[in-house]
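The structure under discussion appears below in the form of structure tokens.
The values are calculated or read from the model by the stated rules, or taken from the named source; none is laboratory data. The model shown is predicted, which means the values in this text are computed figures rather than measured ones. We place every Cβ from the backbone using ideal geometry, glycine too, and count neighbours over all the protein chains shown. For accessibility, only protein heavy atoms count, side chains too; no ligands or nucleic acids. Shrake-Rupley method; radii C 1.70, N 1.55, O 1.52, S 1.80 Å.
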Amino acid sequence: MINEQRQAELEQSCELWSSAYDCYYFEMDDDEFEDAMSDIGDDYQNDPVYQAYLRQRKIGFEAYQREVNGQIAALCSADELHFIAEHHNWDDGTGLMLQIAKHLKCSFPTAKLIYWNAQPEFIYEKYGSPSNEAGKEFQLDDEETALLLAAFEQRTRNGSYIEHIDTETDLSDFDAPDYRKQPFDKIPEALRI
């Protein structure tokens, strides 16, 4: 179990880590960036979110992403990864969740939680599967989501997730598609709810 202090640290880290996968502020010129960041408040230059985006702008998008990926890889606990997955703001995209999907300490319950939060039924219905068996061109964020789902499906087929975590996983809020129908019959059985 993760203590309250560590939970608070992880919540703040998640907010900062999400910036590594967002090029919105990175692509702004300096004046636009400062103007946009001033919406944080009067003391915005001391805000950790501002500092994270400033670092990203200073060292470069890919360098900052590698730095953050290294911090995520350094996490030692499957329970911490699960906590991050439970508290992820999906408006921030899938980049952080993809790093968790790749993490050696990612547990199967965490993988399943992220998988269903990524709405696989939408990708299957629209594209036939995360590998786009329908041959349609992926729309904006759909390709990132499909890559995330495909990563979970591959690791599930390989059986490379650790099984046990101390945290309970409740998937009762998700509606299962009819697995007897195509294309949902292609969702790996182990990931089904």
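Okay, here's what the table says:
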{"read-out": "The chain, helix-only ellipticity at 222 nm - DSSP H runs n ≥ 4, -39,500 (n - 2.57), divided by all residues, nearest 500", "value": "-16000 deg cm²/dmol"}
{"read-out": "GluC sites (Glu not before Pro) lying in DSSP loop within the range 12-45, provided at most 13 other Cβ fall within 10 Å", "value": "GLU27"}
{"read-out": "Lysine-lysine proximity count for the range 97-193, Cα under 28 Å, sequence distance 8 or more or distinct chains", "value": "14"}
{"read-out": "Exposure ranking of LYS112, LYS136 by accessible area [1.4 Å probe, largest first]", "value": "LYS136, LYS112"}
{"read-out": "Under the Karplus curve 6.51 cos²θ - 1.76 cosθ + 1.60, θ = phi - 60°, whole-Hz ³J(HN,Hα) for the range 39-44, x wherever Gly or Pro sits", "value": "5, 5, x, 4, 9, 4"}
{"read-out": "Spatial separation of Cα centroids for the range 60-82 and the range 164-181, in angstrom", "value": "26"}
{"read-out": "The chain: angle of helix 4-18 to the longest principal axis, Cα-based, in degrees nearest 10", "value": "90"}
{"read-out": "Note, ³J(HN,Hα) from phi for the range 25-36, Karplus 6.51, -1.76, 1.60, rounded to Hz, x at Gly and Pro", "value": "6, 4, 7, 6, 6, 4, 5, 4, 4, 4, 5, 5"}
{"read-out": "Nearest 10 degrees, 0 to 90: helix 108-117 Cα axis against the chain principal axis", "value": "80"}
{"read-out": "Peptides 86-92, 16-22, 126-132 ordered by average Cβ neighbours within 10 Å, highest first", "value": "16-22, 126-132, 86-92"}
{"read-out": "Accessible carbon and sulfur surface of the chain relative to its total accessible area, %, 1.4 Å", "value": "45"}
{"read-out": "On Cα atoms only, tilt of 61-73 relative to the major axis of the chain in degrees", "value": "60"}
